[in-house]
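One structure is given below, encoded as structure tokens.
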Amino acid sequence: MNGTMQGEAMASAPRSHKMLSLRKRKRQEAIMGYSFLLPAGLLITLFLILPFGLAFVFGFTRFNLLRPDQIEFRGLENYLFLFTDPLFYRSLYNTLYFTAIVVPVQCGLALMLALLVNQKLRLTNLFRIAYFSPVITSMTVIAILWIYLYNPNDGLINSFLHALGIPKQPFLRSPDQAMNSIILMSVWQAAGYQMMIFLAGLQGIPKELYEAASMDGANRFQQLRYITIPSLYNVIVFVLTITTIQAVKLFTQPYIMTNGGPENTTRTLALFIYQQGFQFRNAGYASAISVVFFIIVVLLSFLLRKLLRDR
């Protein structure tokens with residue numbers, strides 16, 4: 001009896017030691033994992049969560065940037081004024097208009113460019129560099145360059161139109177053409193980025209699928225419709241999502257090229273926030289706009305993801 005109990009105790013000792021060792025290893029792995037997450041968590045907290053929290057708080061105040069010691073609590077005053085401010089609705093309309101045009105046009109162009117440079121043709125690498133080079137160029141530099149291209153008197157585009165017998169266009173100086181001119185420049189500048197993402201997705205599609213489709217008599221369009229597009233579905237969802245988020249944050253182009261004009265036709269929400277906060281020093285009202293802007297971006301992203309997932 002005693003021998004049996006001693007045997008069981010001796011058998012359970014290594015088992016207990018093994019359990020303690022396993023728990024210790026799991027604890028060490030957890031500590032190691034959290035230590036890797038800590039820098040990213042600190043950055044997210046410092047540059048995302050904390051600013052949003054401060055913006056939410058300041059949205060209920062009257063806060064002049066030059067007088068931080070005279071903050072006044074005003075409750076919902078900024079939000080009530082926001083939803084009656086015609087400039088806010090104009091900025092919201094401009095932002096949504098830009099997004100609705102840029103996202104499908106830019107993504108469609110990027111996909112066509114990716115299909116083109118994915119072919120085994122001569123100078124393919126040169127075309128890839130040419131299409132991608134505007135992405136790595138400073139947006140400020142590109143915006144200034146296009147200001148000269150859009151010059152209504154002696155700009156390169158108007159000189160070309162004049163040579164074709166077409167009257168010169170005002171472009172950035174026209175309320176009807178300013179936003180569309182910015183859209184054209186933005187599509188040209190950023191399409192190369194989405195092109196590279198689509199290109200990576202295209203190169204991941206097995207070539208055997210196209211060979212089998214060709215043997216079954218499928219033409220190029222049918223291969224694109226039934227093989228390429230379905231295989232790129234997750235890539236398309238990703239590209240549409242990030243392009244939408246980038247589009248609603250439009251700031252640099254209208255800030256440099258038009259400063260929101262003419263007649264507020266290029267004033268976006270991001271530019272409106274900047275002007276209220278830094279030009280007019282009305283940080284409380286700018287914070288309220290920022291909170292509403294953040295909610296709009298989240299809702300748009302959620303709606304886009306839901307629509308694409310359902311399809």
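The values are calculated or read from the model by the stated rules, or taken from the named source; none is laboratory data. This structure is a prediction, so every number in the text was calculated from the model and none was measured. Note that each Cβ is placed from the backbone with ideal geometry, even for glycine, and that neighbours are counted across all protein chains shown. Just the protein is used for accessible areas: all its heavy atoms, side chains included, with ligands, DNA and RNA removed. Shrake-Rupley method; radii C 1.70, N 1.55, O 1.52, S 1.80 Å.
As for segment 21-28, it holds no residue that is at pLDDT 85 or above and open to solvent by 50 Å² or more (accessible area, probe 1.4 Å).
Taking the numbered list (1) assigned to a loop (DSSP other than H, G, I, E, B); (2) within 29 Å of residue 62 (Cβ to Cβ) in turn, residue 262 passes all entries but (2). If you go through segment 224-236 and pick out every residue that is over 14 Å from residue 114 (Cα atoms) and surrounded by 15 or more Cβ atoms within 10 Å (Cβ to Cβ), you end up with 2. Among the residues of segment 38-55, are any under 30 Å from residue 263 (Cβ atoms) and assigned to a helix (DSSP H, G or I)? Yes, some residue in segment 38-55 is under 30 Å from residue 263 (Cβ atoms) and assigned to a helix (DSSP H, G or I). Taking the listed residues 95, 84, the one that is in the same structural domain as residue 179 (by TED's automatic domain parsing) and under 18 Å from residue 284 (Cβ atoms) is 84, with no other qualifying. Condition first: surrounded by 15 or more Cβ atoms within 10 Å (Cβ to Cβ) and either under 30 Å from residue 186 (Cβ atoms) or under 31 Å from the mean Cα position of the chain (by Cα) (or both). Now tell me which residues in segment 198-223 satisfy that. Matches in segment 198-223: 198, 199, 201, 202, 205, 223. Within segment 237-249, if we keep just the residues that are of a type in the set (S, T, N, Q) and crowded, with 20+ Cβ neighbours inside 10 Å, the residue that is farthest from residue 192 (Cα to Cα) turns out to be 244.
Only residues that are among the hydroxyl-bearing types (Ser, Thr, Tyr), buried (at least 19 other Cβ atoms within 10 Å of the Cβ) and under 24 Å from residue 61 (Cβ atoms) were counted across segment 265-299, and they come to 3.
Pairing residues of segment 182-199 that are assigned by TED's automatic domain parsing to the domain that holds residue 252 and on the phi > 0 side of the Ramachandran plot with residues that are open to solvent by less than 10 Å² (accessible area, probe 1.4 Å) and not acidic (Asp, Glu), at Cβ distances under 8 Å and at least 6 apart in sequence or on separate chains, gives no pairs at all. Here 219, 282 are screened, and the one residue that is in the same structural domain as residue 114 (by TED's automatic domain parsing), free of Cβ contacts under 8 Å to residues at least 12 places away in the same chain and not aromatic (Phe, Trp, Tyr) is 219.
The C-beta contact set for segment 62-83 (first residue crowded, with 16+ Cβ neighbours inside 10 Å, second residue among the β-branched types (Val, Ile, Thr) and in a loop (DSSP other than H, G, I, E, B), distance under 6 angstrom, 6+ apart or interchain) comprises 63/71. Selection over segment 116-156 of residues that are open to solvent by 50 Å² or more (accessible area, probe 1.4 Å) and in a helix (DSSP H, G or I) gives a count of 16. When segment 163-197 is filtered for residues that are exposed (fewer than 13 other Cβ atoms within 10 Å of the Cβ) and in a helix (DSSP H, G or I), only 163 remains.
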